[in-house]
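K.L.:
Attaching a single structure in structure tokens format; questions to follow.
The values are calculated or read from the model by the stated rules, or taken from the named source; none is laboratory data. Not measured: the values here are computed from a predicted model. When we count neighbours, we look across all protein chains shown, and the Cβ atoms used for this are built from the backbone with ideal geometry, even at glycine.
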Amino acid sequence: MTWAQRHQIETANFDHYFVDAQQVGGATPVRLYEWLDPTPISASGGTGNPQVNIGGSYGWGVISRRADSLAGLNAELRFHLDSDTTVQFAGAAIDDVSVTGCRALSSDLSITKTDGVGTATPGGSVTYTINAGNAGPDAVSGATVADTFPAINTCTWTCVGAGGGTCTASGSGNINDPVDLPVGGSVTYTASCAISASATGTLSNTATVSSAVTDPDPANNSATDTDTLTPNADISITKTDGVTTATPGGSVTYTITASNAGPSNAPGSTVADTFPASETCTWTCVGAGGGTCTAAGSGNINDVTNLPAGGSVTYTASCAVSAAATGTLGNTATAAAPPGVTDPNPTNNSATDTDTLTPNADISITKTDGVTTATPGGSVTYTITASNAGPSNANGATVADTFPASETCTWTCVGAGGGTCTASGSGNVNDVTNLPAGGSVTYTASCTVSAAASGTLANTATVTAPAGTTDPNPADNSATDTDALVATADVSITKTDGVTSATAGGNVTYTITASNAGPSNAPGSTVADTFPASETCTWTCVGAGGGTCTAAGSGNIADTTNLPAGGSVTYTASCAISASATGSLVNTATVTAGSATDPNPGNNSATDTDALGASADLSITKTDGVTSVTAGGSVTYTITASNAGPSNASGATVADTFPADETCTWTCVGAGGGTCTAAGSGNIADTTNLPVGGSVTYTASCAVSASASGSLGNTATIAAPAGTTDTNPANNSATDVDTVNPAGADVGATKVVSGVFAPGTTVTYAVVLTNGGGAQGDNPGDEFTDVLPAGLALVSATATGGTAVATVGTNTVTWNGAIPAGGSVTITITATIDASASGTISNQGTVAYDSDANGTNDAARPTDDPSLGGASDPTSFVVGGSIADLSITKTDGVTGVTAGGSTTYTIVAANAGPSDAIGASVTDTFPLGETCTWTCAGAGGGACAASGSGDIADTVDVPAGGSVTYTATCAIAASASGTLVNTASIAAPAGATDPNPADNSATDVDSVTLVPGAAVAATKTVAAGSGGFTPGSTVTYTIVLTNSGAGAQGDNPGSEFTDTLPAGVGYVAATASSGTVGFGPGTLVHWDGAIPAGGSVTITITATVVATSGTVVNQGFVSYDGDGDGSNESSAPTDDPAGAGAADPTAFAVAAAQGETMPVPALDRFAMLLLIGALFTLAWRSRRQTRG
């Protein structure tokens, strides 16, 4: 039933409105609607004007209700409204009433099923098409399509709808699917079903469709498909023995497998195999994949088996092949399907294995001569046996033995067990034999061994099966006998030089012959001859009778030779005898037989001995290189005594008696091993050693008497020592003759240098001019000139006589003056080494003098450094490490500092020279109480790092007269105490010397005045606003921070004041008379700032009271720097001055609002509406009662 209605009536307590559906006459009413709502409170109840009764009013609405219990009955719709008479409202309005009757649903569902075939194959498959449709007249939701497939089917399916039909898209197994089938709609299932391979009979399958809706034609609600099952099995068989050949007398093993590729099972299949007459067989059988067969048997196979689809049976037949079998071995197995089962491929129902029969004989050979060693030139006897272990005969087997080239053999042969061979032969064996199974042939070979044989004697015999016969074990078809060859050779040696005496320094020639008397060859024999140390030899060698040796060599003989029996080698050694050799010359040669055994070692060495004599050709020369000398001058003789050999001359005497006008000193040096007295004065009478080719040279420096005149003649002689013959005495003396001339000047000059040789320092040259001849006049030109080299700056020059001139511009010193005979003059030259100089400075002046007394300076001579060995050495010195007088100063200009303050140091590093100081080190490790940054500037060429922080460790360049100045600004730790001691130092660079290290460090000491600490206390009071300490009112906290300490409180890291507000108040704002106030996190109020000594700060916190009762307690904390070190290590709580203690928290009690006697509970909106409604109801009831 459906209708539209609106109404305005009083509450159901007074006005009643309902709608019923009922049978005509009122039976079995069904209440469809009833008014039960209350009436709103009237204006008199406090809801305001107008004060009239407002009836419950609802606008138009459509209502639908079911009354299924009245189906099939005569029914009516009753609208009922009644009211009291006190208040009348508009009532109810009804419109658009309709009644709809419903009939029972009806749907003609149907189903079809087919696989499109009338027969099916076990092991195959079918595909069913199942279609369910709805011919109407009503749609069906939730119909069921079902199909329970036979047990022999395994199915999967898919479904698609048409005409609005819906179904499950896919599934597996039976179908039991809820579907929706609108009128004309359908669903189609495609079921793919595998049929069990063992299925038999017929395959029947029914599908159904059903629903809760009445079906006017249930006869088409099921459909059945039936197929006749026809088995089909592809039976096949394989057979193999895994080989293609077989051996008569051997065996083969066949593997015979019968299989069923399906699709249907094949129970009762027959497997058969009739083996050839040449085989005797036993067999076993196992099934796989469900296949079964007879477990074992012997003879032919004729077996009934069960072969399910995919199953198989495998027979293993072990067959012995007749030893007499020949040709081929062919064998066929078959498999047949049982009656009623069709085999679609009969071509694979038989299998044949064919083997070619090949003889097989295990022939072998052995060989031995019964010994492990043999002698070259001797003999051995080999026993060689070839055998056949079967199973087949080996007629025509070949026995072969190629003897080594070092053997010469003859042989005989006998057979055994039916074996036959050639009775005898010589040379190698290559014999065709008959070797029946179990038979053998034995060869006896007698062989002589070559005398030249060496190493080992290895001999191999082989046996080869005839063509067409296989040897299963060829590893024993060869045999080798090996003997070590041990040679025996009688080697000997002879040696002679054909003389019994020899001369030291002369020569001898040795003939050395090594021979081998056999019986064996002696390859690798060693001939050795270590010649005496006094001999130097070269040698050649030739062989005879097949002997070989090294053709030539030098030094000792250590030669590996080949000495065949009857052969020899002969060495010819040409030896030079040492000139110093004495006594006897003894020399021994030896021979060893190499790897051969020598039966007579007594003749393996030979010695030659010669007595030694001495002979030496001594000679002497003498010259002074001039033909005239000057009276009062000097002359130098060179006297050389030599030995041309051939023998050394130890103890030869050299003598020279100088003229009376000469006064001589002499030195002597040897050459080529010659030795003599190193030096002497006066005449020479010296015993010397003169080896062959050696010599001694005397240098005699002789002053000529000023009174000498005429000529000077002087003779030197040499005499051989006792026992030595001089073969040429004519050259044993030598004479030098000079004419004596008047004396001229002979001026020499020495030059030495002194100083510390450092850059920038002064050096002094002392030049001494000495006249060893006649008088030297002040002749035209300079008698001495010296140009100072680069690196030196000339300062001055003075002389003990004559005139010394220092020309600074050209760095040149000159001297003019006379030097008497035997006199001298000293010139002193002063110069400064350049500050940048380095390396070696070398200098040499030149003296000019009158050597021929003609008034002009015709001769010149360079200065000589007497500290060196030569006669005209320049004077040199090495510029050593620099000398730099480094100094450092340091000051901050005060004697006291304040902890927590700062100071500035001025550090000056200077170089007073004389050398530059490149790479000097300036260091300053500041005290732990200081944190410093610094800058640096150079002056006078000084260079340093421009700036830095922390300690100074700087590499600087300070030239002579230069400086670097550091300005270090240092913050002093607030915790510093006592004194601050700070030292700066400077160190010269590597290679430089500081002559005054006492001023290389400087220290500044300051006493530290401690910073007084702060002492901050805090008071905290609370005051209420106009509302007092009541909920929601405002309160003000006043905190006064007072610093009573001697030191200021800084704005240090962290907050100086914190206050966590309690839960009873809510933060509004905070201010401070100085510093910064912040709020958070949470309810934390914090203040950061400084408080001077004696000063104070006031912090004001405004909050709202949120507590409703109880006491609100609060206390903040002040943090301060009690020790003046810049960190807040001390703290104290706030104190409420109203309390008796020193650290009382600040508290207030929360009072009730003025005029209240009890708390008012808070009401939510719904509760408030209920309260208002109750009050309205009371007022309305009161009004009605009054009206009544």
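K.L.:
Looking for something more than 30 Å from PRO519 (Cβ to Cβ) and of a type in the set (A, V, I, L, M, F, W, C) - is there at least one such residue anywhere in segment 588-609?
P.N.:
The first filter runs over segment 588-609 and keeps only residues more than 30 Å from PRO519 (Cβ to Cβ), leaving 609.
Filter once more, keeping what is of a type in the set (A, V, I, L, M, F, W, C): none.
No, because not a single residue in segment 588-609 is more than 30 Å from PRO519 (Cβ to Cβ) and of a type in the set (A, V, I, L, M, F, W, C).
K.L.:
Among the residues in segment 597-611, are any in contact with a Cys (Cβ under 9 Å, 6 or more places away or on another chain) and at pLDDT 90 or above?
P.N.:
Looking only at segment 597-611, we keep the residues that are in contact with a Cys (Cβ under 9 Å, 6 or more places away or on another chain), and these are none.
There is no residue in segment 597-611 that is in contact with a Cys (Cβ under 9 Å, 6 or more places away or on another chain) and at pLDDT 90 or above.
K.L.:
Please determine whether any residue of segment 373-387 is at pLDDT 90 or above and over 30 Å from GLY455 (Cα atoms).
P.N.:
yes
K.L.:
To continue, here is another question. Being assigned to a loop (DSSP other than H, G, I, E, B) and either closer than 16 Å to THR590 by Cα or not assigned by TED's automatic domain parsing to the domain that holds PRO404 (or both) is true for just one of GLY546, GLY524, GLY518, GLY553. Which residue is that?
P.N.:
None of the others qualify; the one that does is GLY546.
K.L.:
Right, next: Please list, ordered by first then second residue, the pairs with beta carbon atoms under 6 Å, 6 or more apart or interchain, first in segment 653-667 and at pLDDT 95 or above, second in a loop (DSSP other than H, G, I, E, B) and hydrophobic (A, V, I, L, M, F, W, C).
P.N.:
Note: pairs meeting the criteria are CYS664/PHE658.
K.L.:
Can you tell me which residue in segment 884-922 is surrounded by the fewest Cβ atoms within 10 Å (Cβ to Cβ), limited to those that are acidic (Asp, Glu) and assigned to a loop (DSSP other than H, G, I, E, B)?
P.N.:
By that ranking, first place goes to ASP892.
K.L.:
What tally of residues in segment 1088-1105 results from selecting those that are surrounded by fewer than 18 Cβ atoms within 10 Å (Cβ to Cβ) and assigned to a loop (DSSP other than H, G, I, E, B)?
P.N.:
Counting residues in segment 1088-1105 that are surrounded by fewer than 18 Cβ atoms within 10 Å (Cβ to Cβ) and assigned to a loop (DSSP other than H, G, I, E, B) gives 5.
K.L.:
Please list, ordered by residue number, the strands (runs of 3 or more DSSP E) wholly in segment 703-816 having 2 or more residues that are modelled with pLDDT of 90 or more.
P.N.:
711-719, 733-741, 747-754, 762-771, 784-787, 792-799, 803-807, 812-816
K.L.:
Within segment 283-302, track down each residue that is under 25 Å from ALA197 (Cβ atoms), in contact with a Gly (Cβ under 9 Å, 6 or more places away or on another chain) and either aromatic (Phe, Trp, Tyr) or surrounded by fewer than 19 Cβ atoms within 10 Å (Cβ to Cβ) (or both).
P.N.:
Residues satisfying the conditions are GLY287, ALA288, GLY289, GLY290, THR292.
K.L.:
Identify, from the list THR85, THR47, the residue that is assigned to a loop (DSSP other than H, G, I, E, B), in contact with a helix residue (DSSP H, G or I) (Cβ under 8 Å, 6 or more places away or on another chain) and modelled with pLDDT under 85.
P.N.:
THR47
K.L.:
When you go through ALA973, ALA984, ALA960 one by one, which is the residue that is of a type in the set (A, V, I, L, M, F, W, C), out of contact with any Pro (no Cβ under 8 Å at 6 or more places or on another chain) and either at pLDDT below 95 or assigned by TED's automatic domain parsing to the domain that holds SER836 (or both)?
P.N.:
ALA973
Results for (1) hydrophobic (A, V, I, L, M, F, W, C); (2) surrounded by fewer than 16 Cβ atoms within 10 Å (Cβ to Cβ); (3) not assigned by TED's automatic domain parsing to the domain that holds VAL243, shown as yes or no for each residue.
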| position | (1), (2), (3) |
| --- | --- |
| ASN349 | no, no, no |
| THR352 | no, yes, no |
| VAL371 | yes, yes, yes |
| THR375 | no, no, yes |
| GLY378 | no, no, yes |
| SER387 | no, no, yes |
| ASP401 | no, no, yes |
| ALA405 | yes, yes, yes |
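K.L.:
Just for segment 1064-1083: of the residues that are exposed (fewer than 15 other Cβ atoms within 10 Å of the Cβ) and not small (Gly, Ala, Ser), which one is nearest to the chain's Cα centre (by Cα)?
P.N.:
Of everything passing the filter in segment 1064-1083, PRO1081 is nearest to the chain's Cα centre (by Cα).
K.L.:
So is ILE63 among the aliphatic types (A, V, I, L, M), touching a residue at least 60 places away in the same chain (Cβ under 8 Å) and farther than 30 Å from PRO231 by Cβ or not?
P.N.:
Yes; evaluated as a whole, the condition is true for this residue.
K.L.:
Could you grab me the full set of residues in segment 817-834 that are outside any strand (DSSP E or B) and farther than 27 Å from SER882 by Cα?
P.N.:
Across segment 817-834, the qualifying residues are GLY817, ALA818, PRO820, ALA821, GLY822, GLY823.
K.L.:
Across segment 934-992, what is the total count of residues that are assigned to a strand (DSSP E or B), within 44 Å of the chain's Cα centre (by Cα) and crowded, with 16+ Cβ neighbours inside 10 Å?
P.N.:
Total meeting the criteria: 4.
K.L.:
Another question, then. Looking at the structure I just gave you, is GLY881 within 30 Å of TYR765 (Cβ to Cβ) and surrounded by 16 or more Cβ atoms within 10 Å (Cβ to Cβ)?
P.N.:
Against the criterion (within 30 Å of TYR765 (Cβ to Cβ) and surrounded by 16 or more Cβ atoms within 10 Å (Cβ to Cβ)), GLY881 qualifies.
For every residue, the table says whether it meets (1) at pLDDT below 95; (2) farther than 29 Å from ALA104 by Cα; (3) assigned by TED's automatic domain parsing to the domain that holds ALA120; (4) in contact with a Ser or Thr (Cβ under 8 Å, 6 or more places away or on another chain).
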{"site": "VAL145", "(1), (2), (3), (4)": "no, no, yes, yes"}
{"site": "THR156", "(1), (2), (3), (4)": "no, yes, yes, yes"}
{"site": "CYS167", "(1), (2), (3), (4)": "no, no, yes, no"}
{"site": "VAL179", "(1), (2), (3), (4)": "no, no, yes, yes"}
{"site": "SER186", "(1), (2), (3), (4)": "no, no, yes, no"}
{"site": "TYR189", "(1), (2), (3), (4)": "no, yes, yes, yes"}
{"site": "VAL209", "(1), (2), (3), (4)": "no, no, yes, yes"}
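K.L.:
While we're looking at this one, here's another question. Can you tell me which residue is nearest to GLY1110 (Cα to Cα) among those in segment 1041-1087 that are among the polar types (S, T, N, Q) and in a loop (DSSP other than H, G, I, E, B)?
P.N.:
If we take residues in segment 1041-1087 being among the polar types (S, T, N, Q) and in a loop (DSSP other than H, G, I, E, B), then THR1083 is nearest to GLY1110 (Cα to Cα).
K.L.:
Which one is nearest to ASN982 (Cα to Cα) among residues in segment 937-970 that are without any contact (Cβ under 8 Å) to a residue 40 or more places away in the chain and in contact with an Asp or Glu (Cβ under 7 Å, 6 or more places away or on another chain)?
P.N.:
ASP951
K.L.:
List the residue pairs whose Cβ atoms are under 7 Å apart, where the first residue sits in segment 1109-1124 and is assigned to a loop (DSSP other than H, G, I, E, B), the second is among the β-branched types (Val, Ile, Thr), and the two are 6 or more positions apart or on different chains.
P.N.:
These pairs meet every condition: SER1109/VAL1150; GLY1110/VAL1150; GLN1115/THR1134; GLN1115/THR1146; GLY1116/ILE1039; GLY1116/THR1058; GLY1116/THR1134; GLY1124/VAL1011.
K.L.:
Restricting attention to segment 280-298, report how many residues are of a type in the set (Gly, Ala, Ser) and either out of contact with any strand residue (DSSP E or B) (no Cβ under 7 Å at 6 or more places or on another chain) or part of a strand (DSSP E or B) (or both).
P.N.:
Summing the residues that are of a type in the set (Gly, Ala, Ser) and either out of contact with any strand residue (DSSP E or B) (no Cβ under 7 Å at 6 or more places or on another chain) or part of a strand (DSSP E or B) (or both) in segment 280-298 gives 6.
K.L.:
Which of (1) more than 30 Å from GLY744 (Cα to Cα); (2) surrounded by fewer than 16 Cβ atoms within 10 Å (Cβ to Cβ) does PRO691 not meet, given it meets every other one?
P.N.:
Unmet condition: (2).
K.L.:
Looking at SER733, SER754, can you tell me which residue is touching a strand residue (DSSP E or B) at 6+ places or on another chain (Cβ under 7 Å), surrounded by fewer than 22 Cβ atoms within 10 Å (Cβ to Cβ), not assigned by TED's automatic domain parsing to the domain that holds GLY809 and not charged (D, E, K, R)?
P.N.:
Matching residue, one of SER733, SER754: SER733.
K.L.:
Condition check: more than 60 Å from the chain's Cα centre (by Cα), surrounded by fewer than 20 Cβ atoms within 10 Å (Cβ to Cβ) and farther than 26 Å from GLY201 by Cβ. Does THR280 satisfy that?
P.N.:
Judged against the criteria, THR280 is a match.
K.L.:
Quick one: what pairs do we get from segment 589-603, first residue part of a loop (DSSP other than H, G, I, E, B), second of a type in the set (Asp, Glu), C-beta under 7 Å, 6+ apart or different chains?
P.N.:
From segment 589-603, the pairs are ASP598/ASP490; PRO599/ASP490; ASN600/ASP490.
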